[in-house]
1. So what's Rg/Rh here for segment 98-237, counting alpha carbon atoms and using the Kirkwood radius for Rh?
2. Working from the pairwise distances between different alpha carbons, so that the mean of 1/r is found and then inverted, what is segment 18-171's Kirkwood radius in Å?
3. Got a sec to turn the phi values of segment 29-39 into Karplus ³J(HN,Hα) couplings, 6.51 cos²θ - 1.76 cosθ + 1.60 with θ = phi - 60°, whole Hz, x for Gly and Pro?
4. Each residue of segment 188-204 in order: what ³J(HN,Hα) in whole Hz does its phi give by Karplus 6.51 cos²θ - 1.76 cosθ + 1.60, θ = phi - 60°, with x for Gly and Pro?
5. Quick check for segment 24-96: number of Lys pairs with alpha-carbon distance under 25 Å, counting only pairs 8 or more apart or on different chains?
6. Where does segment 94-168 land on the Kirkwood hydrodynamic radius, alpha-carbon pairs, in angstrom?
7. Length gain on complete extension for the stretch residue 23 to residue 111, per 0.36 nm per residue less the alpha carbon to alpha carbon distance?
8. Taking H as built 1.01 Å from N, whose amide H comes closer than 5 Å to the amide H of residue 67, not counting residues under 5 places away?
Amino acid sequence: EKELEKEREKEGKKTPFHEEEVFDPKILKGKNLNILKQFPKDTKKHLAVIPRECPSQQQAQKFFEEIPYFEEVWGKIRCSSAEQDIQDLLEEEEVLPEETFKDPFFPHWLKEMSEVAIAFGASQGNDEIAFWLGGSRGCSLYHVDHVPYRLLVTYKGPGTEYVPEHAVDRKAFDNEDQDNVVKDPEAVKFMKRWDVAMFRGGPQGVVHRSPQAAKTEDSLLMRLDQVEFWETIMNDEDQYYDSDEDGEGEEGEEGDEENGEGEACPLPEKKGPEHCRCSKE
C-alpha cells in the first residue's frame, strides 16, 4: 500500500490519505446529527458533512430499487410530529406503491428521515420545516445556493458532487467559466448515500452540483429548507409569473435558463427567481 502511494506521488496523483490531510476551512465534519446545531453558529463554515453507513444495506438496496421514480412530493412538517407528518404526506400524495408502506424496511426509513428532520429543525430553532422528497435532479452546473440553509440526503442514486475550496477557481466561477471552475479534478468529492450534507447559502458557499451520473440513474433524495424561505420564494414566484399575462413571456424563459431544477433550485410546481448562483454552460 505504501509502495502504491509512492508511485501515485511520482505520477502527481492524490491518494485518499492526502485528500484527508487537506484541511478545508469551509467544511465542518461530524460523527452524528448533533453537529447540525453547532453549524449555524460557526459562520466560517459553509458545509456540514456527516458520513453515515446505510443500515441493513442489502435490505435497503432492495427496498429502494423497488420504489419507482417519482418527481417530487413536498410540504410543511412539524418536528414535534415529524414521523407522522412525513407518513401522512407520502400517503396523501400517493407517490409510493402500497407495498412500500408494508415493507419491513419502511419504518426504519421513516424514522431515519424524521430524525434528520428533527435535527435540522433544532439547528434552525423552528418546529416547522419545509420537507421535499423525490427523484427530480437537474442543476448540473457548478453553483452555490442562494438559500439560508439547505440539507440533503441521497437514498438512491449518486450523491451530490462538491468541490473543496482549495480546488475551486473562484475567478473562473465568477466569470461563469464552467470548464475551469475545478482546478484539481481529483480533489472533487461526492456524498455517499445516507450521508447528511447541510449547506449554508451565499456567494462564498461551497461550490457543488448534481452529479453527472444522475442524468442516467434514478435518484431519490430528501431536501430540507426553512419554511420562511419557501414562503418568500413562492410569493416572489407569484409576482414573477403575474408580471407576464400568460406566465410564459420572455422574462420567465430567461429565468428558467438561469436556474434549472434539482439540488440547487427546488421550486414546487414552478420555476422562478434565482436562488442558486450557477455559472452558465
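1. The Rg/Rh ratio comes out at 0.99.
2. For segment 18-171, inverting the mean 1/r across all distinct Cα pairs yields 17.4 Å.
3. 10, x, 9, 8, 5, 4, 5, 5, 6, 6, 3
4. Running phi through 6.51 cos²θ - 1.76 cosθ + 1.60 with θ = phi - 60° gives 4, 10, 10, 5, 8, 4, 6, 4, 9, 10, 10, 9, 9, x, x, x, 9 Hz.
5. Counting lysine pairs in segment 24-96 gives 14.
6. Hydrodynamic radius (Kirkwood, Cα pairs) of segment 94-168 is 15.3 Å.
7. In short, 28.3 nm is gained.
8. So residue 67 has HN proximity to no qualifying residue.
Rule-based calculations on the coordinates, nothing more; no lab input. Owing to the predicted nature of the structure, the values given are computational and were not obtained by experimental measurement.
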